[in-house]
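Read the structure below first, then the notes.
The values are calculated or read from the model by the stated rules, or taken from the named source; none is laboratory data. These numbers were taken from a predicted model, which means no experiment stands behind them. Glycine also receives a Cβ, built like all others from the backbone with ideal geometry; neighbour counts cover every protein chain displayed. Side chains are part of the model used for accessible areas, which takes the heavy atoms of the whole protein and leaves out ligands, DNA and RNA. Shrake-Rupley method; radii C 1.70, N 1.55, O 1.52, S 1.80 Å.
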Amino acid sequence: MKTSGLKSFGLGLLASTAIGSPAFAQAQPADTTQSPAPATNATNVTGETPQEQTARDGEVQDSTEIVITAQKREENLQDVPISVQAIGTRRLDQLNIADFADYTKQLPSVSYNTSQSGGAVVYMRGVATGGDGNHSGSLPSVGVYLDEQPVTTIGGALDVHIYDIARIESLAGPQGTLYGASSEAGTIRIITNKPDATALYGRVDGELNTVAHGGQGGSVEGMINVPITPKVAFRGVAFYQRDAGYIDNVAVSHTYCGDPTFDPVSGDINGCVHNGISVNNSGFLKKDINSKKTYGGRAALKIDLDENWTVTPTIMHQNSKLNGFYAYDPTLGDLNVGRYRKEFAKDKFTQAALTVEGKIANFDLTYAGAYMDRPTSSVFDYTDYSEALDVYYESYGGIANYLYFQDSAGNLIDPAQYIIGTEHFKKMSHEVRIASPQENPFRVIAGAFYQVQKNHIYQNYLVDGLDPDLSVNGWPETLWLTLEDRKDKDWALFGEAEFDVTPQITLTAGGRLFKFDNSLFGFAGFGKSPLFDEDQPNNFPPPNAAYGSSGVRRCLTVNGLQLLEDEDSALASGGIDDIPCTNVGLLKNGKAAPLHRKGSGFLHRLNAQYKPNDDVMIYATWSRGFRPGGINRQPTEPPYDPDYLTNYEVGWKTSFGPLIWNGAIYFQKWKKFQFSFLGANSLTVIHNGRDAEINGLETDLSYVRGGLTLNASAAYTDARTKGNICNISDDDANCSASFIVTRSGTRMPITPKLKATGTARYAWPMGPGKMHVQGSVSYKGSAPVDLRQDIDDAGLNPNSYLGRLRSSTLVDTFLGYDWQNYSVELFATNLFDKRDDVARFVACSFCTQTRVISGRPRTIGIRMGTRF
């Protein structure tokens, strides 16, 4: 399979080279002592008139890819001694990049998985364990920034709509000194175009498309830049996008266990007859259920107070709604799934930000602050759990004979569950930093950072008609309730110093003092029937429908004990609103209080670079990154510790006329990495594993001349565990075989060994404008899905039913014409309609019904735009 995939990639790249496409992170040496030229009349987002942009296509580099701010200064990309890839304004347009999935396809060092809630979890350089993205789980290992402000969130990356963007920067490897927690493995920065006081200009773009096996979609986007005074300018962006659905909800049914069967010798129940409650989804059959709408806007005001001080307030709002379910069931056929309920997921965010830039003497001072509000809501079918539960307990007669899914009259009911969930995420961040003059041989940047993140988490697992006495106390028909408040705070002081030892040699040393305080507080679990007595014989009647011990039975009493061991005492007061009691917390001063995980430490970055001439630079880096520890919401599980990534890297950046070749070779050690898995009651549990070692290489090559732009970039990643991981608290990496969860040398999940992209574009004059043809090929190898290799709650190795993320080769083609202020383009993405596995997962810890999230099938469309 690998050989076939590589052949397909090679043939596709040769084919696309024959027809042309844009370069990747192209950057020729530039004079970084000067800022990019200001826009002139009737300019577009690149600072060029439409005519200039058309004329320069395939002739020169895009200036938005040459000058970057990865190290919090404006610098030439070829002079920055870290592994950085940039996609500038022109190529974002040329590649029709609109969202997260589009731009990560162009970044070989970046991989992503989709969390259980449907959000994308980002990984870089193989620093991935899978299972991340839970609202109560680990913080991300990759930071995401919108301009100067962090927008990294728990439960999935913020999928910022890409339009009127100056560039996207991908910083691979630990960025801990300048970007701190959650930039352990790297950082992605989305840099917007700023207001321009020199001219009035704008653009409007539209798209119509049709998706194979699905419906029709499209988008309308617009931007306007308005100079208000010579020192004040406004820039506004608005967008609407509809993504067509392509997954069909097809007919399925299930008959639960009914009458039990008995062992003829012992007389014990040994199975069941499937003549119990029967259900089907006939009322919910529909084609193309996973359509999505996204709309919003962005506004920025730039105020030059004087020649040294600028204030830039911005606000962005985005609202998206996903209809239906986002994955398919391979056992039901290509792009088919069987769901028993109407589903949706809504995600909206508003971020207000303020950036102040100025000078004190000849030092540059920057303040960046932001406040983000992100409420989400969803309804998802959870019948998978009930069906798996029935199979799991079939030898005991199934749910009907082993558990207690019944109404208040004692009648059996349909045990199928569904989840109503909301989260309300809020984030505030502040950073202030000062930088010495860049032209000096000794340069310093230093600053302070503070952020606080809060999330109010609500998940209600409902069973229609469930007896209130078997439900969560005070929540009729609720089998399981999660109602928690999470707060993550961190503080830091950071700095980096550079010294030009000679004109060719520069040494850099940086450090970051950090402190974090993460807390979790609330309730998660089942209810406890008022008729249930922990001490009575046979423990009957049951505590809840699932006879679970999690939940109210583990709530805190006034003595600081769990209720199941201190049943005669009163419950502790002081919990959050609307919960029956507190089981995620501790007793403090006689009241329930949050659990905290605190820590502090120091990160460093040491770098040496050698630049024998303007066209060649070689560098070596030793850097560290970290991710804070946190709290497990399962009361019986201990908190988890921070994990640390140490990076040793050698890289090069070279320019040979129109040819650019950059690359890096690295070795990383990931100490006591955090990994998540579904534990008891399908509750996400986070443990610290052993260590992992990652060897890798990343490179990109580009060429621009005579209307032709070529590029190839690739990343090779070999990430493996170091030491056995055990399912007991044991520091011995060589624990006995019966306790091994993952053996030493096991490949880390999610990240393919090889990911590569090739693009080519050719533009030539025709009539009053320019014609272009463009091709793009992307390849990613297969990868495992789960880190654990032991037997799970279903009695199987998870990888036996999850399978692997399959390799894929995708081909995109474009044909268009630009003239004066207009453009039109025909395109086909995923031309050969390949299935691009994004994630494979199951709904619960003993579920074996694998769901697959796939990239979009073949899409054919037309784009049109005008600039003024």
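Pop out the Kirkwood hydrodynamic radius of the chain from its pairwise C-alpha distances, inverse of mean 1/r, in Å to one decimal.
28.7
For region 762-868, divide the Cα radius of gyration by the Kirkwood radius and give the resulting Rg/Rh value with two decimals. Don't jump to the answer; show the numbers that get you there.
Numbers: Rg = 21.4 Å, Rh = 17.0 Å.
Checking Rg against Rh, the ratio lands at 1.26.
Order these peptides, 190-202, 574-586, by their mean beta-carbon neighbour count within 10 angstrom, highest first.
On the way: 190-202: 18.8, 574-586: 20.5.
Descending mean neighbour count gives 574-586, 190-202.
Tilt of helix 383-392 relative to the longest C-alpha principal axis of the chain, in degrees (0 to 90, nearest 10)?
50
Just the Kirkwood number for region 265-305, please: inverse of mean 1/r across all distinct Cα pairs, in Å, one decimal.
On the way: mean 1/r = 0.0547 Å⁻¹.
That comes to 18.3 Å for region 265-305.
Can you list the trypsin sites (Lys or Arg not before Pro) in region 473-546 that are in a DSSP coil and have 12 or fewer other beta carbons within 10 angstrom?
On the way: sites: R486, K487, K489, R512, K515, K528; in loops: K528.
Qualifying residues, ordered by number: none.
Need one word for region 99-244: rounded, prolate or oblate. Basis is the Cα gyration tensor (sqrt eigenvalues a ≥ b ≥ c); a/c below 1.5 gives rounded, then a/b vs b/c decides. Mind dumping the intermediate values first?
On the way: a/c = 2.51, a/b = 1.33, b/c = 1.89.
Because a/c hits 1.5 or more and a/b fails to exceed b/c, region 99-244 counts as oblate.
Could you tell me which of rounded, prolate or oblate describes region 618-704, using a ≥ b ≥ c as the square roots of the eigenvalues of the alpha-carbon gyration tensor, with rounded for a/c under 1.5 and, failing that, prolate when a/b is larger than b/c and oblate otherwise? Don't skip to the answer; put the middle values down first.
Details: a/c = 4.32, a/b = 2.83, b/c = 1.53.
Prolate, because a/c is 1.5 or more and a/b exceeds b/c.
How far, in nm, would the chain grow between E307 and N319 when pulled straight, counting 0.36 nm per residue and subtracting the alpha carbon separation? The partial results should precede the final answer.
Working: separation 12, 0.36 × 12 = 4.32 nm, distance 3.75 nm.
Here the answer is 0.6 nm.
Percent of alpha carbon pairs in region 307-375 separated by more than 14 Å?
Numbers: 1695 of 2346 pairs.
In whole percent, the long-distance tail amounts to 72.
When you have a sec, figure out the Kirkwood radius of region 251-389 from all distinct Cα pair distances and drop it here in Å to one decimal?
On the way: mean 1/r = 0.0485 Å⁻¹.
Evaluated on region 251-389, it is 20.6 Å.
Would you please put 778-784, 166-172 in order of how densely packed they are, using the mean number of other Cβ atoms within 10 angstrom per residue and starting with the highest?
Details: 778-784: 22.4, 166-172: 25.6.
Those peptides, ordered most packed to least, come out 166-172, 778-784.
Quick one: of the DSSP bridges fully inside the chain, what percent are antiparallel, nearest 5? Mind showing how you got there, number by number?
Working: 336 of 345 bridges.
Roughly 95 percent of the beta bridges in the chain run antiparallel, per DSSP.
Report the dimensions of region 160-311 along its three principal axes from the alpha-carbon atoms, largest first, rounded to Å.
Cα spread of region 160-311 along its principal axes, largest to smallest: 94, 43, 23 Å.
Rounded to the nearest whole Å³, what is the per residue volume of the convex hull around the Cα atoms of region 499-633? Display every interim value, and only then the final one.
Details: hull volume 24.6 nm³, N = 135.
Convex hull volume per residue, Cα atoms: 182 Å³.
Counting only protein heavy atoms, what percent of the accessible surface of the chain is carbon or sulfur at a 1.4 Å probe?
On the way: 18640 of 32960 Å².
Its accessible area is 57 percent carbon and sulfur atoms.
With contacts defined as alpha carbon pairs under 8 Å and 6 or more residues apart, what's the relative contact order of region 317-430 in percent? Kindly include the intermediate steps, with their values, before the conclusion.
Details: 192 pairs, mean separation 29.1, N = 114.
Once normalised by length, the contact order is 26 percent.
If the convex hull of the alpha-carbon atoms of region 116-179 is projected onto planes in all directions, what is the mean projected area in square nanometres?
On the way: hull surface 20.1 nm².
Spelled out: convex hull of the Cα atoms, projected over all directions, averaged, 5.0 nm².
What distance in nm lies between label points placed 7 Å from Cα along the C-beta direction at A299 and F656?
5.2
Taking 2.2 N^0.38 Å as the expected size of a compact globular protein, what ratio does the Cα radius of gyration of region 561-612 give against it, to two decimals? Working shown, then result.
Working: Rg = 22.6 Å, N = 52, 2.2 N^0.38 = 9.9 Å.
Expressed relative to 2.2 N^0.38 Å, the Cα Rg reads 2.29.
Provide the FRET efficiency to the nearest 0.05 for the L796-R747 pair, computing r from the beta carbons and using R0 = 22 Å. Present the calculation step by step, with values, prior to reporting the outcome.
On the way: r = 19 Å, r/R0 = 0.88.
Efficiency, rounded to the nearest 0.05: 0.70.
Label points 7 Å out from Cα along the Cβ direction at T866 and Y547: separation in nm?
7.2
Can you compute the modelled spin-label distance between A509 and D833, with each label point 7 Å from Cα toward Cβ, in nm?
Rounded to a tenth, the inter-label distance reads 6.2 nm.
Please work out how much length the chain gains when fully extended from T210 to L332, using 0.36 nm per residue of separation minus the C-alpha to C-alpha distance, in nm with one decimal.
Contour length minus the Cα-Cα distance gives 41.5 nm.
Taking every pair of Cα atoms in region 172-251, average 1/r, invert it to obtain the Kirkwood radius, and report Rg/Rh to two decimals.
On the way: Rg = 20.2 Å, Rh = 16.8 Å.
Radius of gyration over Kirkwood radius for region 172-251 works out to 1.20.
Using the per-residue mean of other Cβ atoms lying within 10 Å as a proxy for protection, in what order, highest first, do the peptides 403-410, 358-365 fall? Intermediate results must be reported in sequence, preceding the final value.
Values: 403-410: 16.0, 358-365: 12.8.
Ranking the peptides 403-410, 358-365 by packing returns 403-410, 358-365.
Step through the residues of region 548-559 one at a time and calculate ³J(HN,Hα) from phi using the Karplus curve (6.51 cos²θ - 1.76 cosθ + 1.60, θ = phi - 60°), rounding each to whole Hz and writing x for Gly and Pro.
So the J values, rounded to whole Hz, are x, 8, 6, x, 4, 5, 10, 6, 6, 9, 5, 8.
Could you give P(r) for region 130-213, binned at 5 Å from zero, as whole percent values over all Cα-Cα pairs?
Percent of pairs per bin, in order: 3, 12, 18, 17, 15, 12, 10, 9, 3, 1.
With a ≥ b ≥ c the root eigenvalues of the C-alpha gyration tensor of region 290-344, is it rounded (a/c under 1.5), prolate (a/b larger than b/c) or oblate? Working shown, then result.
Values: a/c = 7.31, a/b = 4.27, b/c = 1.71.
Prolate.
State the percent of C-alpha pairs, over all pairs in region 443-542, separated by a distance greater than 20 angstrom.
Details: 3222 of 4950 pairs.
Result: 65 percent of Cα pairs exceed 20 Å.
Can you show me the helix-derived [θ] at 222 nm for the chain, built from DSSP H runs with n ≥ 4 at -39,500 (n - 2.57) apiece and divided by the number of residues, rounded to the nearest 500. All intermediate terms of the calculation are to be shown ahead of the outcome.
Working: 9 runs with 64 residues, N = 868.
Result for the chain, helices only: -2000 deg cm²/dmol.
Semi-axes of region 324-479's equivalent ellipsoid from the Cα gyration tensor, sqrt of 5 times each eigenvalue, largest first, rounded to whole Å? Mind dumping the intermediate values first?
Working: eigenvalues 583, 72, 38 Å².
Value: 54, 19, 14 Å, ordered largest first.
Computed FRET efficiency, Cβ-Cβ of L697 and S266, R0 56 Å: what is it to the nearest 0.05?
After rounding to 0.05, the efficiency reads 0.35.
Where does the Debye-calculated log10 I(q)/I(0) of region 352-422 sit at q = 0.28 Å⁻¹, using only Cα point scatterers of equal weight, no solvent?
Log-scaled intensity ratios, in q order: -1.16.
Quick check: convex hull over the Cα atoms of region 64-110, volume per residue in Å³, rounded to an integer? Intermediate results must be reported in sequence, preceding the final value.
Details: hull volume 4.0 nm³, N = 47.
In region 64-110, the Cα convex hull volume per residue is 84 Å³.
At a Förster distance of 51 Å, what's the computed FRET efficiency of F442 paired with T229, Cβ-Cβ distance as r, to 0.05? Intermediate results must be reported in sequence, preceding the final value.
Details: r = 39 Å, r/R0 = 0.76.
FRET efficiency, F442 to T229: 0.85.
List the relative contact order of the chain as a percent without decimals, with contacts defined as Cα pairs under 8 Å and 6+ residues apart.
Details: 2603 pairs, mean separation 118.9, N = 868.
Relative contact order, the chain: 14 percent.
If you stretched the chain out fully between Y367 and E59, how much longer would it get, using 0.36 nm times the residue separation minus the C-alpha to C-alpha distance? Each step should come with its number before you reach the end.
On the way: separation 308, 0.36 × 308 = 110.88 nm, distance 3.77 nm.
Stretched fully, the Y367-E59 segment lengthens by 107.1 nm.
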